[in-house]
Amino acid sequence: MTNIQMFSTPSYYSLFLTGILWVIVLIMIIKNYSLFTRNPEKMIIVLTLFGILVGVHGLIHLGLENYYKFNPITWLLKNKK
């Protein structure tokens, strides 16, 4: 399977979406840090959800790397030259 075919698969788009969600969660944590320091339960909930998000994102990466032989780090380094 070529890289072009990989971009038309749902797993690629779910990987892209979880990456966007990562950024959104990080921005929310940074902007609302004072709320989390006043209410530790909310911080625990957000960090738990962030952990789940990281796990799902990693599993999608694993699937892409195994099935499509796609490693984004080598892909980025190869296209950087």
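All of the numbers you see were taken from the coordinates with simple rules; none came from a lab. Just so we're clear, the structure is a prediction, and the values are computed from it rather than from any experiment. For neighbour counting, all protein chains shown are included, and Cβ atoms are generated from backbone atoms with ideal geometry for every residue, glycine included.
Structure notes:
- The alpha-carbon of LYS78 sits under 26 angstrom from the alpha-carbons of these lysines, leaving out residues fewer than 8 places away in its chain: LYS69.
- FRET efficiency estimate (nearest 0.05) - Cβ-Cβ, ILE29 to ASN66, R0 25 angstrom: 0.20
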